[in-house]
Every structure is written in structure tokens, then in C-alpha cells.
Amino acid sequence: MRRYLGLNNNRVNSSIHHTLLDEKQRQNFYFLNNGITAICKSFSYNALQKDDYIVRVQDLQIINGGQTCRTIYETLKDIDDRGEYESVCILIRLYAIDDQNHDFVQKITHATNSQNPVDLRDLHSNDEVQQDLEIGIKDLGYIYRRLREDTGSGSTSIQSTILAEAVLAIWRKKPHQAKFLRREHFGKLYNEIFNNLTPAQAILAVLIFRMVENERKRPELLNPVPEFLPYAAHYIAMVIGEELLVQHNLKDIKAITHTKLPDLQASLQHQAPFYLEKAVTRIQQALNQLYTNNAISLQQLSATFRRGDLLSILES
């Protein structure tokens, strides 16, 4: 078995764990889990048995589903009364293969462990919230690409992955997670990103994010260019979002409506240097406060933005 990936640091194992602990969900475990694939030299059973079939297996070896097995063990090992789990079932595929078919075993092992994983973006692409965003964003003159294979480009084209990253950084104020936890944007962070998100808020977040990313890649508006720019783009975008609301006397993002969007877009476009410089100044001040004006190495800068050390200072 490959190294166990743990309960908390792996999305799939964590989901298995929580399903087993959930009194209602555990009864659906058979349908929610891909099951276990195993091989053996031989197996036998009494077909006349009416229930509680006993299958006798020689030299059982799991070739796919080891993470599932270990997660079940880790979940139940400290539970004394396992009566609630007696009715929980899991699918097992068992193949009896002769010792001489070693190459065939290798092929099965490789095939069952290397199939293309389903992208979480695809799983959510038909959610009601995604379809509503697509309709609302289209009404505002943009095209929302909620499907992975929909790779259209252009200034009016918005990929769902970029939208999620921008919203998490700017409106949800988690720039470090937006950058370093991209795999979870359509996983455990999905509801936090998309709940109560309006098309106008989504579009504005993407426009802010694009402006900052363009400056990060090809600095033209900032002079001098701050040393922390390569690490701080998501933080700069977050601060610009805050400053944009302040400049337009908007209390919070709920005030970003389809009627307000044109003015906010125009302000962002025509005052880009102002917003960029304002954000850079605030971040530099936060760095000075955190490091008491001492010199900061590039390694420290990178770690600071990765950990989110500046968030509490920027919020104060």
C-alpha cells in the first residue's frame, strides 16, 4: 500500500471519514464510495446460503482502495460500540488470478489507480448557483465559462476558476487561500466562495484581479515597483476591493448591484494607478509594522504572504 495520506490533509479521505461519522450519511456509504479492488489466488463460497455469505479467500491483496481501508480503520479504531456500523456496506471487486499472470496483475493495478480523476469544477458545473451566475453574468455583457472544456478567451470571457480565485481573495478576504489552496476552491471552500455571490460582485472581483495580475506580470503603473509585488498580488487585489467600496461610499459588497457596476468599472479603469498605489502603500505599512521596519528577506516575504500574517494588521 502506498503511504497513507491521512484524514485531515486529503480531501477524499476526509470525506470518507465524515460520511462514516454522519449517522444519516453512513447508510449511503455503498453508493458514495468507489469501493475496493482486490486480487487473490482463489476464492469460494456456498451458493446455498440464504444470507450472511462467507467467502473464503486465499492470499488476498488489495490493489485499489487502500486509502479507503485505512480511513475506515482510523475512523472506527477508537469506537467501542460498532453496532451502528453493522449495516454499512462497501463494494468489493474480487478477482481470482493465477500466479502465472503477474503481468496481468500489474496491468490491473496500474489501470485501477491511474484513471483520470473527476475535476471538482466539473462536479459543480451544473449546480443551480453556477447556472444562475452564467445567466446573470451574460445579462451584464460577459460570458461565464463554468465548464472545464469551455476554453473561450477574450476580455468578456470569465473562467469559473479565475472567478473563484478572485472572489475568495477580494470579497472573502482570504488571499493566501485563494493563491495556495486552488485545488479546494471547488472543494471545501466552494460554499464559502459562491454562497450569496451575485453576478455584479463576481464580475467586479474578476476585473480587479485581472488588473493586478497584469501589473504583476508587466509592471507599468507602479513606480517604483515594490519588491513584494510577485508575492502580494492577491493581497493587493483584496485591498483594492476595499478601497473601491470606500471611494464610492458603499458599506459592503451587498451594495455592489448591476446598476452600480458600470460606475465601479469606470472608476477601476480610469483610476488604476491610484488604487494600485493605495494598496501597495497599505501593504508596505503593514510589513513595516510586522517587522518593525527591519530588512525583510525574499524568503520571509514569501512565507509572510503564504501564511496570511498581514491579514490582521490590514483589517485593523
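Remarks
- One residue alone among Asn294, Asn249 is open to solvent by 20 Å² or more (accessible area, probe 1.4 Å), modelled with pLDDT under 90 and either outside any helix (DSSP H, G or I) or closer than 18 Å to Gln177 by Cα (or both), and that residue is Asn294.
- Residue tally, condition assigned to a helix (DSSP H, G or I), in contact with a Lys or Arg (Cβ under 9 Å, 6 or more places away or on another chain) and open to solvent by 10 Å² or more (accessible area, probe 1.4 Å), over the stretch 159-188: 8
- Test result for Glu227, in contact (Cβ under 8 Å) with a residue 24 or more places away in the chain and either open to solvent by 70 Å² or more (accessible area, probe 1.4 Å) or closer than 17 Å to Leu163 by Cα (or both): yes
- Residue in the stretch 268-290 that is within 17 Å of Lys174 (Cα to Cα) and not hydrophobic (A, V, I, L, M, F, W, C) present: yes
- Residue within the stretch 168-176 that is more than 18 Å from Leu314 (Cβ to Cβ), touching a Gly at 6+ places or on another chain (Cβ under 9 Å), touching a residue at least 24 places away in the same chain (Cβ under 8 Å) and not small (Gly, Ala, Ser) present: no
- Scanning the stretch 1-13 for residues that are farther than 19 Å from Asn113 by Cα and not hydrophobic (A, V, I, L, M, F, W, C) returns Asn8, Asn9.
- Condition check for Asp98: exposed (fewer than 10 other Cβ atoms within 10 Å of the Cβ) and either over 24 Å from the mean Cα position of the chain (by Cα) or part of a strand (DSSP E or B) (or both): no
- Test for Asn288: is it among the polar types (S, T, N, Q) and exposed (fewer than 13 other Cβ atoms within 10 Å of the Cβ): no
- Residue check for Ser87: under 24 Å from Asn28 (Cβ atoms), at pLDDT below 90 and open to solvent by 50 Å² or more (accessible area, probe 1.4 Å): yes
Residue-by-condition table, conditions (1) surrounded by 13 or more Cβ atoms within 10 Å (Cβ to Cβ); (2) touching a Leu at 6+ places or on another chain (Cβ under 9 Å):
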position: Cys40; (1), (2): yes, yes
position: Gln49; (1), (2): no, no
position: Gln61; (1), (2): yes, no
position: Asp81; (1), (2): no, no
position: Leu91; (1), (2): yes, no
position: Val105; (1), (2): yes, no
position: Tyr144; (1), (2): yes, yes
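- Here Glu242, Glu220 are screened, and the one residue that is within 18 Å of Gln269 (Cα to Cα) and open to solvent by 70 Å² or more (accessible area, probe 1.4 Å) is Glu220.
- Cross-chain or 6+ apart pairs with Cβ under 8 Å, the stretch 132-143 first and free of Cβ contacts under 8 Å to residues at least 60 places away in the same chain, then among the hydroxyl-bearing types (Ser, Thr, Tyr): Glu134/Tyr144; Lys138/Tyr144; Gly141/Thr156; Ile143/Thr156; Ile143/Ser157
- Criterion violated by Ile203 - all others in (1) touching a Leu at 6+ places or on another chain (Cβ under 7 Å); (2) free of Cβ contacts under 8 Å to residues at least 40 places away in the same chain; (3) aliphatic (A, V, I, L, M) satisfied: (2)
- The condition of being modelled with pLDDT under 90 and open to solvent by 30 Å² or more (accessible area, probe 1.4 Å) holds for only one of Asn8, Asn13, Asn33, that being Asn8.
- Test for Arg70: is it among the charged types (D, E, K, R), surrounded by 10 or more Cβ atoms within 10 Å (Cβ to Cβ) and assigned to a strand (DSSP E or B): no
The values are calculated or read from the model by the stated rules, or taken from the named source; none is laboratory data. Here the structure is a predicted model, which means the values were calculated and not measured. Glycine gets a Cβ as well: all are built from the backbone with ideal geometry, and neighbour counts include every protein chain shown. Each accessible area value is taken on the protein alone, full model and side chains, heavy atoms only, with ligands, DNA and RNA left out. Shrake-Rupley method; radii C 1.70, N 1.55, O 1.52, S 1.80 Å.
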